[in-house]
Amino acid sequence: MAVHHDRAYASARRQRKTPTTAEKALWALVRDRQTDNLRFRRQMPIGPYVADCCCPSLKLVLEADGGVHVLRETEDQARDDWLRSQGFVILRFPNETILVKLNTVLDEIRAHAAKTGEHTPHPSRSASHLPPQGGKVISMTPKPEIWFYHLERSRLDQVLPGLLEKTRERGWRALVRAADERLLEDIDERLWTYRDDSFLAHGGDSGPEAARQPIVLTRGGENPNGAQALFILDDAELGDTKGFDRCFIIFDGRDEAALASARARWKTLKAAGANLAYWRQSPEGRWEKAA
């Protein structure tokens, strides 16, 4: 049995690196206690098997089933029987349901949680914490902090994921705004793949689940997920900053046009009395506050 367990852990590590599109969408739905404050783990080893997503407190396993499962009915049945013998409940969802009818998945998870008495509202961890459905949040900061990030030694795709990670660690949601649709597509792919062992759950600004997304990518001026952190890329319009606690204006200092635009924007915001800060990278690559 120990050999099987070792294989399960190795398999879990491999699967975390290469999730399917449906597995990504399922994890984005339940990650970070977004679904009724239930804590799920991704690609969790359970004995000799690996669950796509598992809520240990409920002993609930969620599985994203692609077409290959039609050919593995016997193996899947044996796996499910073993998991049930250990007290687990298994909810299997076809990939098409996850990708097209995510609300159906959410309803089934909530129905099971309600039956077990684990259905609880998302707690407000602090005055600045956002509700799971997004919406309007009154910022405790009269004027949001507006931080300029001057890229000189790193690329946007190297810097942005780290800033978004820090934002999520604070319990904030984020809105990433860019003018170029192709740039947003690149960022979309990057946030799924920038690390071997994890990714940043996110989505676009359209669709019924936009309000639930921890990170939204957009070209528009709305704030569909009630984000407290706004990231401005590609010289996109800053717009109304009401409701945000912090705005990040990230620009490439190696691009003369981008540099000139950032200087003009700094001057305008400073004249308006904005709460500004300027960050640049040290020769070692660390971010240092320079103004």
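The values are calculated or read from the model by the stated rules, or taken from the named source; none is laboratory data. Here the structure is a predicted model, which is why all the values come from computation and not from measurement. Quick reminder, even Gly has a Cβ in these numbers, built from the backbone with ideal geometry, and neighbours come from all protein chains shown. What goes into the accessible areas is simple: the full protein's heavy atoms, side chains included, and nothing from ligands, DNA or RNA. Shrake-Rupley method; radii C 1.70, N 1.55, O 1.52, S 1.80 Å.
Please specify each residue of the range 21-48 satisfying the condition of being over 17 Å from residue 173 (Cα atoms) and outside any loop (DSSP other than H, G, I, E, B).
Scanning the range 21-48 gives 21, 22, 23, 24, 25, 26, 41, 42, 43, 44, 45, 46.
So which of 37, 103 is open to solvent by 20 Å² or more (accessible area, probe 1.4 Å), under 22 Å from residue 19 (Cα atoms), touching a Pro at 6+ places or on another chain (Cβ under 8 Å) and not small (Gly, Ala, Ser)?
After ruling out the rest, the residue left standing is 103.
Of the residues 147, 192, which single one is modelled with pLDDT under 85 and either among the β-branched types (Val, Ile, Thr) or open to solvent by 30 Å² or more (accessible area, probe 1.4 Å) (or both)?
Answer to the check: 192.
If a residue has to be without any contact (Cβ under 8 Å) to a residue 12 or more places away in the chain and under 13 Å from the mean Cα position of the chain (by Cα) to count, how many in the range 177-236 make the cut?
Of the residues in the range 177-236, 2 are without any contact (Cβ under 8 Å) to a residue 12 or more places away in the chain and under 13 Å from the mean Cα position of the chain (by Cα).
Considering 106, 99, which residue is under 18 Å from residue 200 (Cα atoms), of a type outside the set (Lys, Arg), in a helix (DSSP H, G or I) and in contact (Cβ under 8 Å) with a residue 40 or more places away in the chain?
After applying the criteria, what remains is 99.
Which residue, of 106, 91, 83, is modelled with pLDDT of 90 or more, under 20 Å from the mean Cα position of the chain (by Cα) and not basic (Lys, Arg)?
The match here is 106.
Cβ contacts < 9 Å: first residue under 18 Å from residue 239 (Cβ atoms) and in a loop (DSSP other than H, G, I, E, B), restricted to the range 268-290; second residue of a type in the set (D, E, K, R) and open to solvent by 70 Å² or more (accessible area, probe 1.4 Å), any location; separation 6+ or different chain. Result?
Taking only residues 6 or more apart or on different chains, the pairs are 273/143; 274/143.
Taking the condition of being touching a helix residue (DSSP H, G or I) at 6+ places or on another chain (Cβ under 9 Å) and part of a strand (DSSP E or B), how many residues in the range 247-266 meet it?
Looking only at that region, the number is 5.
Okay, residues lined up against (1) over 30 Å from residue 25 (Cα atoms); (2) among the hydrophobic types (A, V, I, L, M, F, W, C):
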position	(1), (2)
201	no, yes
217	no, yes
234	no, no
276	yes, yes
286	yes, no
